[in-house]
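A.B. asks: Okay, here's the structure, questions in a sec.
Read the figures in this text as sums done on the coordinates, not as results from a lab. Values in this document were obtained by computation on a predicted structure and should not be read as measured data. So basically every Cβ, Gly included, is an ideal-geometry build from the backbone, and we count neighbours across all protein chains shown.
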Amino acid sequence: MMEQLWLIPALPLAGFVVNGVLGRRVSKAVVHTVAIGTVALSFLWVLKTLSALMPLETAHVERYGTWIASGSLEFALEFAVDRLTAVMLLVVTGVGLVIHIYSVGYMAHEGGYYRFFAFLNLFMFFMLTLVLANNFLLLFVGWEGVGLCSYLLIGFYFLRRSATTAGNKAFIVNRIGDFGFSLAMFLMVVTFGSLDFAKVFPAVEKMPVEAAAGVVTAICLLLFVGATGKSAQIPLYVWLPDAMEGPTPVSALIHAATMVTAGVYMIARSWPLFTHAPLAMDVVATIGLLTALVAATIGMTQFDIKKVFAYSTVSQLGYMILGVGVGAFGAGIFHLVTHAFFKALLFLGSGSVIHALSGEQDLRKMGGLRKHTPITFVTLVCAGVAIAGVPPFSGFFSKDEILLAAHHHHPWMYWIGALTAGITAFYVFRAIFLCFFGEYRGEGRPHESPPSMTIPLIVLAALSLGGGFLPVPHFLDPVFPAMEGQHESALVFVSVALGLAGIGVAAWFYVLRPGLADRVAASLGGLYRLVYNKYFVDEIYWAAVVRPVVGGSRTLLWRVMDAGVIDGIVNGIGGRARDAGRLVRLLQSGNIRSYATWVLLGSVFAIIGMGLAGGLR
Amino acid sequence: MSQYYTSTDHFVLIPALMLALFGCAVLLFDFLIFPHPKQRKWLIVFLIIGEIFTGAGLWRQQSFLSSYGLNELTAFNGTLTIDGFALFFNWLFVLLSVLVAIVSYRYLEIENEHHGEYYGLILLAQCGMFFMATGTDLITLFLGLELTALSFYVMVGFLRTQKRSNEAAMKYLLLGAFSSGLLVYGFSLFYGLSGSTKIVDVADALAAREPGDPLVVLAMAAVAVGVLFKVSAAPFHMWAPDAYEGAPTTITAFLATGSKAASFAFLMRIFLGPLESARPTWEPLLIGAAVLSLFIGNIAAVTQTNVKRLLAYSSISHAGYILLGLIAGNETGLIGVAVYVAVYAFMTLGAFLVLVALRRRDLIGEDIEDLAGLMESSPGYAVLMLIFMLSLAGIPPTAGFIGKYYILLALIQTGHYTLAVIAAVFVAVAIYYYFRIVRAMFVSERKETAPLASTFGIKVALAVSGVLTLGIGIYPDPFLRMAGFSLIR
Amino acid sequence: MAGVPLAWYLILSAILFALGIAGFLFRRNLITMFMSIELMLNAVNLSFVAFSYKFGRVDGQIFTFFVMVVAAAEAAVGLAIILAVFRTRKTLAVDEIDSLKY
């Protein structure tokens, strides 16, 4: 039975084509109607498909043909839906739809309106291809495609130099990750002779769990390199904060809710591989936890509202990676879902604030906005309590499930995670308090955003508050291996207490005793500057990687390799070819009798050659 | 035997009949119905109707074959054979003829040579190509070859008042006639060896002979030279750069794609038919010709400044790649030949079409410099040209990569490692000169401000060739399956 | 006729063909070169007819007719092209017609 899954990505693609071709000539209303319409249809098609396929105990696979076949290696053009994909489809199309609607208001006064929506639709196409793919190669196509769209949208304001730089940074950093991914695919082809999920995973199941490092571990680690790029983990997280140069809806959709979670999805999807490589799992969990902590501490000190939330995204992605790393795949995906709600809301809310202040992003120039932008304020608080893990809101459920699984894995992981939860609560409410409480510190007249922006905020706020009651982990049970062992329910109170404490400290610092924060920062001196400057990671990368590479490529590569070897080869080939070319073209004298002579000489050679070849046999 | 014209004969012949009928009718209509030069555009519609009838005939043949599960359908006592091979190439010819016809009218108007014969000649040339791909008898093959060649002699010299055009026609004519003299001399010896003109009988007779038999060697050499001349493989390639450069650009496009594809169909019919048993004898000759084509085609292209001439040399080098597929000779290689021929036709056609659009009233638009800054003035054309250049250079994800991949794979499968390495090395050289064009378009300062001579026809044809070039690269499977049916069984 | 062995015809045909080739290579006048090609084709005809006679089958003679038709068509097209060349260049010397080269 065919459910025409291909329609799900094809609809946004159609939107991209229409807007890309005609967008320049038609009105803005037509552009966003097409863009939103196609995404809405795609969302409805997802709902229709899923309701038809429920309960979806096993994967539903649709094959549209052979994509590339050469020799024994065959790649099919196949889409598949199982419960994991179903969750992803709902998140991507649902949140995507909300953000498309929001963009109408946010981008109303921007140039390149049709370009923006066309790219956004193209992104939806690739993201949906990524989650629907039934083999690693098709997944990789989606993976590269979303990267391309992200690059295009980060550099959307291409006249701003920082935007193009940020785009380039994202592009280069992601290439490192993608290189790991492609190596992993190569290894899989060599090991399993296929890239199909349906062939690779059963083959792995038959292999013993690798206690020591082996080929599966290598594949997993390489896949994880890919994930660290896309999902902004240590050491490749540096591109994500800069990616905030893009328009805010892009930050919400691509750099918070969907694309950056592709790494988490990919690891969860390939759980049969990862569960066979405990060493790789440990690496994944440790990196995730470290990323969560480091990014959260940086988030405490930032003053650009979008940067705060960007580091928050990195930190929350760290949680998800921690979740899948300790084997709680369902919990990781659950957090992915709730995070999509509240982080999209945080970004859209901050976008609403920025819109209200006509482009101001500095928290120090905000304040007291709750009177001017009440809806934004209320919805942002909803997001805040959700991310801070206050029960019974969404973040509480998903985060605690990850933390409890981490505790089961290694207790120290729980404690660091819980501490991070406290820090998270602190920096989110720090931003909210700085923005909405106290006196207004900026110029200009703030105004509430239009309904096309506030309605999406309200929808997301409702989801952030109530999303925790979605039975996502239970729904995903058939997909993932069961977690063994009992959870220590008492620990729940610890993380909740830490979260509340974080909110309390933030309130004390920024509402009750304004100015105290600066004094604390001053007394911490060097430590504060270290964190404020993001541990100088960008600078270290610059000094340790970028400059040597750039400098090295200038001197060594350019002088020696490029000028000497590559130029030598290119110019050598080109130059020798040119020299030879001059000779060869002399043969082409233009005189027809010389041509005929060549034909005759060729024939004589042919006769002699063939006579010899025949005679030799 | 008692019936000379059976219904099967008729069924097989319909596409050729349609082409000949419409070809002659176009010549009549030209002065009976459309006497005014402005009306001649309508002949294109007439040509397309003719192609639709031809296509319908092909379609019926194809569905007949598939519904009865037949591999082939022979007619006229075995002189014509409709099989997957013939159908594959004939579909290609239909597509190429239509694309060439619809881009021509503006170009010919600019050259002041817009005559109705042009469209008639396209149809007649295609009629010849039909026999080149379908014929399984020396007579039909020879007639097809000559009909195609004669039409092309006229079309190459179509710009009567231009020195370059009629010089090109003269060279093509003299050398073409010379080489078909060699070819038909070889045919007469084949006939003498076998007592029959059917290629199956010739194959049997040759297989029964001693390998070193001088008469066999002489016959094979004469035929091989004639065929290699037609596909412009070195050292019999000399006519190609001159004819390509001098001919009207639309005809260059047709010559480089349609005629070349037909010549390869002809070559496959001959080499895989009567000559298959003598493979060890001709293999060294083909290897020599292929390597020499790669060398001369790629090396001579490097110094060219005229894009048409550059593409002519590039087409010589592509002939070398296609021959390598035949040399490998396994299933991958033979599918690779079909794939490469079609892919080559699409991308080369596209590249020439961009040149057609560059030809304006006061500008010939054939030099690399005329492409300078194209990205700025007409980004659409520049991006399409980029796709064609990437494809010609064999860079993924374009169709050209798929073609080269198949050829190289076949060479490796059959253990021709040295040839594979040589082929790969020349890919590197090729990148050098294709990127000269790319660099001119994207980096150089814009010099020419006159708008391109772009018409609806050119846009459609470019879109089709662009979509095919990119589409086959991204989603090759349907196309590969079609090419798979084209194997001669 | 019956007394003449096949080989003689073939040798005559080969000599004619070689003469045609030589004429094509060594003559400098377009018309003469063209006639040389006709000579080559007639050599082919001779060999076809000789083989046909030997086998007692007609297909070789049929081929001969087609070769003659083709030769006639080639002559028609060829002379037209030569005329066009002469109009633009006022010469029939092949060595002077070499503007397309390299």
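A.B. asks: Magnitude of the Cβ-charge dipole of chain C, K/R +1 and D/E -1, about the Cα centre, nearest 20 debye?
C.D. replies: Numbers: 8 positive and 6 negative charges, 26 e Å.
I would put it at about 120 debye.
A.B. asks: If I take R0 = 60 Å and measure r between the Cβ atoms of A:K206 and C:T91 in this structure, what FRET efficiency does the formula 1/(1 + (r/R0)^6) give, to the nearest 0.05?
C.D. replies: Values: r = 82 Å, r/R0 = 1.37.
Efficiency computed from Cβ-Cβ geometry: 0.15.
A.B. asks: A further question on this structure: If R0 is 22 Å, what FRET efficiency do you get for B:S7 and B:I52 from their C-beta distance, rounded to 0.05?
C.D. replies: About 0.45, to the nearest 0.05.
A.B. asks: Relative to the longest principal Cα axis of chain A, at what angle does helix A:451-466 sit, 0 to 90 degrees, rounded to 10?
C.D. replies: Rounded to the nearest ten degrees, it is 80.
A.B. asks: What order do you get for A:V146, A:V92 when you list them from fewest to most C-beta neighbours inside 10 Å?
C.D. replies: Lowest count first: A:V146, A:V92.
A.B. asks: Taking the Cβ of B:R481 as the center, what net charge do the other residues with Cβ under 14 Å away carry, scoring Lys and Arg +1 and Asp and Glu -1?
C.D. replies: Every neighbour counted, the sum reads -3.
A.B. asks: State the three equivalent ellipsoid semi-axes of chain A, derived from the C-alpha gyration tensor as the square roots of 5 times its eigenvalues, in descending order and whole Å.
C.D. replies: With the √(5λ) rule applied to chain A, the semi-axes are 48, 30, 27 Å.
A.B. asks: What list of ³J(HN,Hα) couplings, whole Hz, do you get for region B:44-59 from phi and the Karplus terms 6.51, -1.76, 1.60, once you set θ to phi - 60° and write x for glycine and proline?
C.D. replies: Once θ is set to phi - 60°, the couplings for region B:44-59 become 4, 4, 4, 4, 5, 4, x, 5, 5, 4, 4, x, 4, x, 4, 4 Hz.
A.B. asks: Peptides A:425-431, B:274-280: what's the order by average Cβ count within 10 Å, highest mean first? Don't skip to the answer; put the middle values down first.
C.D. replies: Values: A:425-431: 27.0, B:274-280: 18.9.
Averaged packing, sorted descending, gives the order A:425-431, B:274-280.
A.B. asks: Ignore the peptide's own chain and count Cβ atoms of other chains within 10 Å of each Cβ in C:58-65; give me the average, rounded.
C.D. replies: That average works out to 4.
A.B. asks: Name the residues of region A:246-285 whose amide N is less than 20 Å from a point 7 angstrom out from the Cα of A:V215 along the C-beta direction?
C.D. replies: Residues passing the 20 Å test: A:270-281.
A.B. asks: Under a crude label model (7 Å from the Cα following the beta-carbon direction), how far is A:R175 from A:L22 in nanometres?
C.D. replies: 3.8
A.B. asks: Provide the convex hull volume over Cα atoms per residue for the protein assembly as shown, in Å³.
C.D. replies: Spread over its residues, the Cα hull of the protein assembly as shown gives 193 Å³ apiece.
A.B. asks: At 222 nm, what value in deg cm²/dmol follows for chain A if DSSP H runs of at least 4 each add -39500 (n - 2.57) and the sum is divided by all its residues, to the nearest 500?
C.D. replies: Only helices count here, giving -23000 deg cm²/dmol.
A.B. asks: Would you calculate the separation in nanometres between label points at B:I110 and B:D204, each defined as 7 Å from the Cα along the Cα-to-beta-carbon direction?
C.D. replies: Spacing of the two 7 Å Cα→Cβ label points: 5.6 nm.
A.B. asks: Another question, if that's okay. Using packing as a proxy for protection, rank A:11-19, B:27-35, B:142-150, B:314-322 so that the peptide with the highest average count of other Cβ atoms within 10 Å comes first.
C.D. replies: B:314-322, B:142-150, A:11-19, B:27-35
A.B. asks: Under the 0.36 nm per residue contour assumption, what length would be gained going from the current alpha-carbon distance of A:H109 and A:R519 to full extension?
C.D. replies: Working: separation 410, 0.36 × 410 = 147.60 nm, distance 4.07 nm.
That pair, A:H109 and A:R519, stretches by 143.5 nm at full extension.
A.B. asks: Could you tell me the distance between the Cα centroids of region A:200-244 and region B:343-365, to the nearest Å?
C.D. replies: 48
A.B. asks: Modelling each spin label as a point 7 Å along the Cα-to-Cβ direction, I'd like the B:I364/C:I62 distance in nm, to one decimal.
C.D. replies: So the two model labels end up 4.8 nm from each other.
A.B. asks: Next question. Have a look at A:G526, C:M35, A:W412 and report the one farthest towards the positive end of the charge dipole of the protein assembly as shown, computed about the Cα centre with Cβ charges (Lys/Arg +1, Asp/Glu -1).
C.D. replies: A:G526
A.B. asks: Give me Rg/Rg_expected for region C:6-96, where Rg uses Cα atoms only and Rg_expected = 2.2 N^0.38 Å with N residues.
C.D. replies: The value comes to 1.28.
A.B. asks: Turning to a different aspect of this structure: Give me the compactness ratio for region B:277-489, meaning the Cα radius of gyration over 2.2 N^0.38 Å.
C.D. replies: 1.05
A.B. asks: Report the gain in length on full extension from A:F186 to A:T58: 0.36 nm times residue separation, minus Cα-Cα distance, nm rounded to one decimal.
C.D. replies: Working: separation 128, 0.36 × 128 = 46.08 nm, distance 2.80 nm.
Value of the extension gain: 43.3 nm.
A.B. asks: A further question follows. Would you compute, for the Cα atoms of region B:238-364, the largest minus smallest coordinate along each principal axis and list the three values in descending order, in whole Å?
C.D. replies: 56, 24, 21
A.B. asks: Which FRET efficiency, nearest 0.05, do A:S489 and A:T286 yield, Cβ-Cβ r, R0 25 Å?
C.D. replies: Working: r = 25 Å, r/R0 = 1.02.
That gives a FRET efficiency of 0.50.
A.B. asks: Something else: Based only on the alpha carbon positions, what is the Kirkwood hydrodynamic radius of chain B, in angstrom?
C.D. replies: Result for chain B, one decimal place: 22.5 Å.
A.B. asks: Give the separation of the Cα centroids, region B:24-95 to region B:272-297, in Å.
C.D. replies: Cα centroid of region B:24-95 versus Cα centroid of region B:272-297: 32 Å apart.
A.B. asks: If you don't mind, another one. Mind pulling the angle between the C-alpha long axis of helix A:374-388 and the longest principal axis of chain A? Nearest 10 degrees, somewhere in 0 to 90.
C.D. replies: 80
A.B. asks: For the modelled label position 7 Å from the Cα of B:R446 along Cα-to-Cβ, which residues of region B:360-376 have backbone nitrogen atoms closer than 17 Å?
C.D. replies: Within reach of a label on B:R446: B:360, B:369-376.
A.B. asks: Once every DSSP H run of n ≥ 4 in chain B is given -39500 (n - 2.57) and the sum is divided by its residues, what mean residue ellipticity at 222 nm do you get, rounded to the nearest 500 deg cm²/dmol?
C.D. replies: -25500 deg cm²/dmol
A.B. asks: Something else: Straight-line reach from C:K54: which lysines have Cα under 20 Å away, leaving out those fewer than 8 places along the same chain?
C.D. replies: B:K198
A.B. asks: Still on this structure, please answer the following. Please average, across the residues of C:71-80, the number of beta carbons from any other chain that are within 10 Å of each residue's own beta carbon, and give a whole number.
C.D. replies: Across C:71-80, the average partner-chain Cβ count within 10 Å equals 5.
A.B. asks: For peptide C:89-97, compute the average count of partner chain beta-carbon atoms within 10 Å of each residue's beta-carbon.
C.D. replies: 3
A.B. asks: Between the alpha-carbon centers of region B:403-455 and region A:318-333, tell me the distance in whole angstrom.
C.D. replies: Between the Cα centres of region B:403-455 and region A:318-333 lies a distance of 47 Å.
A.B. asks: Now a separate question. Cut-off under 23 Å on the C-alpha distance; same-chain residues fewer than 8 positions from B:K163 excluded. Which lysines are left, in chain and number order?
C.D. replies: Within reach: B:K171, B:K308, C:K90, C:K101.
A.B. asks: Per 0.36 nm of contour for each residue apart, how much would the distance between A:R364 and A:L44 grow if the chain were fully extended, relative to their Cα-Cα spacing?
C.D. replies: Fully extending the segment from A:R364 to A:L44 adds 110.9 nm.
A.B. asks: Let me ask something additional. Here are some pairs, A:K169/A:K306; B:K230/B:K404; A:K28/B:K447; A:K230/A:K307; which of them have Cα atoms lying more than 26 Å apart in this structure?
C.D. replies: A:K28/B:K447
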